[in-house]
Amino acid sequence: MHRYYQPEIETASRETIRALQSERLVRTVRHVYENVPFYRAKMESAGVTPDDIRSVDDLHRLPFSCKQDLRDTYPYGLFAVPLKDVVRLHASSGTTGKQIVVGYTRHDLEIWSDCFARALVAAGASDEDIVHISYGYGLFTGGLGADLGAQRIGATTVPVSSGNTQRQITILRDFGSTVLCCTPSYALHIAEVLEEMGLTKDDIRLRAGIFGAEPWTNEMRRQIEQKLGLKAFDIYGLTEIVGPGVAFECEEQTGMHVNEDNFIVEVIDPETGEVLPEGTQGELVFTCITKEAFPVLRYRTRDVGVVSRGTCSCGRTLLKMTKPRGRTDDMLIIRGVNVFPSQIETVLIEKGYTANYQIVVDRANNTDLVEVQVEISREIFSDTVKNLTKKGRELEEALKSLLGIAVKVKLLEPNTLTRSTGKAVRVVDKRKLLD
Ligand code: DLL
């Protein structure tokens, strides 16, 4: 069994990585400047040209990019190659109804495969393994990203996708899967259904799990490990950068190694944009330096974390980031799906409801539950129960079709929700997501 997938990178010296980063950054900046009018305009207004970027030390001179830029250029405005060279699209929710769209060339998919392959090998996987993938397949990057990595290392890939937990367990048991890839909350749910089916971890053969796409605590890790009889590894990523595999955890389980040969990470003060020294908490910002189709420059993730470059007992020299400790915006992650309160508000207003609403998020049986509570006018409230139920259902349907996940609606009498004297409290999150 191999310890590293690409030791020449994963254990490279600081100088080697920096030289590689500098060379690739220079090339990428020129590539986007020449091919993406948006970046050219942004750089011009910041007074920077590709000639000013000669090494990683010049990175801070480049302007930031953010989710709004992806929405403004929807769908293909940030692509740096002709569409005929793009072999795959993925998408994720934006802050309003509009999705954000990203593209990959064949070469980009190769890079992504390598990134996920590193995560699998770090979790002890090899071509001897059967990798069961329950991340959703489709426009979400989880399923197909894990799939690329599993095939890359020559493992036997089981592309189950999400849903139907009993069937998942039958497959885990009958196929003898050894590695599980899914969201951590779904892993716990699988553990629960396993128990309900009268089975235990001894009835399955899982050894390792690669879990990410949402915040999870070390307490959850302990539960998953104990109930499923595996070692649980964290994995981080976001659609805009590549999908899962931007950073991955090793056996030390104390943070995730960033794939620095492909992505340069910076930590900034979210208020001022100032770059913070290593070891200081701030907003994570990534620059893609190897992608062809969709290389974002200094992308503000809104994820809050810390990066550090200590020595790791696994021997990897790639710097490590902590689990994201929160967000600088109000994005919620519900069953692995990104949801913005503004998306919900848009639907409410479109459907003629008041803006007096609250989103209550909770977790029961390891599944996230959302209830949208909204006040209705007195006339509507005095309608028949039958009509009210119908109205509630219609709203649930509209929300589901926009968000892609089911939420519950509760229609309230006027003036039921507590009014705030400052900012309205839109979200009540009762889940415990941080250690
Ligand atoms: O969630 C990609 C992914 C798929 C990562 C499978 C890991 C595994 P998005 O849907 O674009 O992409 O959501 C990205 O999810 O900005 C974080 O806020 C959050 N997130 C991702 N991984 C983790 C993690 C995928 N390990 C957003 N811990 C990011 C905490 C995570 N939050």
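If R0 is 51 Å, the Cβ-Cβ spacing of Asn415 and Glu44 corresponds to a FRET efficiency of close to 0.45. Simple spin-label estimate for Arg30 and Glu350 gives 4.5 nm between the two label positions (7 Å along the Cα-to-Cβ direction from each Cα).
Sorted on the mean count of surrounding Cβ atoms within 10 Å across their residues, most packed first, peptides 311-321, 181-191 read 181-191, 311-321.
With contacts taken as Cα pairs under 8 Å and at least 6 residues apart, the chain reaches a relative contact order of 14 percent. Between Asp85 and Thr170, what is the FRET efficiency for a Förster distance of 41 Å, r being their Cβ-Cβ separation, to the nearest 0.05? About 0.50, to the nearest 0.05.
A full extension of the chain between Gln253 and Lys98 corresponds to an added length of 52.2 nm, given 0.36 nm per residue minus the alpha carbon distance.
Multiplying each eigenvalue of the alpha-carbon gyration tensor of the stretch 1-324 by 5 and taking the square root yields semi-axes of 34, 21, 18 Å, largest first, rounded to whole angstroms.
Once you reduce the stretch 251-316 and the stretch 85-137 to the center of their Cα atoms, the two points are 19 Å from each other.
Near Pro63: Cβ cut-off under 9 Å, other residues only, Lys/Arg at +1 and Asp/Glu at -1. The net charge is +3. In the chain, the calculated helix contribution to ellipticity at 222 nm averages -10000 deg cm²/dmol per residue, counting -39,500 (n - 2.57) for every DSSP H run with n ≥ 4.
If the limit is 32 Å between Cα atoms, which of Lys98/Lys423; Lys408/Lys432; Lys84/Lys351 go over it? Where the Cα-Cα span goes over 32 Å, the pairs concerned are Lys84/Lys351. Using a simple spin-label model with pseudo-atoms 7 Å out from Cα toward Cβ, Asp435 and Asp329 lie 2.8 nm apart.
Take each peptide in 29-39, 286-296, 344-354, count the other Cβ atoms within 10 Å of every residue, and average; sorted highest first, the result is 286-296, 29-39, 344-354. Around the Cα centre of the chain, unit charges on the Cβ atoms of Lys, Arg, Asp and Glu (plus for the first two, minus for the last two) sum to a dipole of about 720 debye. Label-to-label distance, Asp383 versus Ser55, with points set 7 angstrom from Cα along the beta-carbon direction: 6.8 nm.
Close amide H partners of Val160, meaning residues 5 or more places away or on another chain with modelled amide H under 5 Å apart, are Ile133. For the peptides 127-140, 165-178, the ranking by packing is 127-140, 165-178, with the highest mean count of neighbouring Cβ atoms within 10 Å listed first. For the stretch 301-312, putting each phi into the Karplus relation 6.51 cos²θ - 1.76 cosθ + 1.60 with θ = phi - 60° gives couplings of 7, 6, 8, 9, x, 9, 10, 8, 10, x, 8, 10 Hz, in residue order, rounded to whole numbers and with x for Gly and Pro. With Cβ to Cβ distances under 14 Å as the rule, what net charge do the other residues near Asp362 carry (K, R +1; D, E -1)? Here the count lands on +4. Taking other residues whose beta carbon is less than 10 angstrom from the beta carbon of Ser185, and scoring Lys, Arg as +1 and Asp, Glu as -1, yields +1. Full extension of the chain between Gln68 and Ala424 gives 125.9 nm of extra length, using 0.36 nm per residue less the Cα-Cα distance.
Just so you know, all these numbers are worked out from the coordinates, no wet-lab data involved. For clarity, every value in this text was computed on a predicted model and none was experimentally measured. Every residue, glycine as well, gets a Cβ built from its backbone with ideal geometry; the counts of neighbours run over all protein chains shown.
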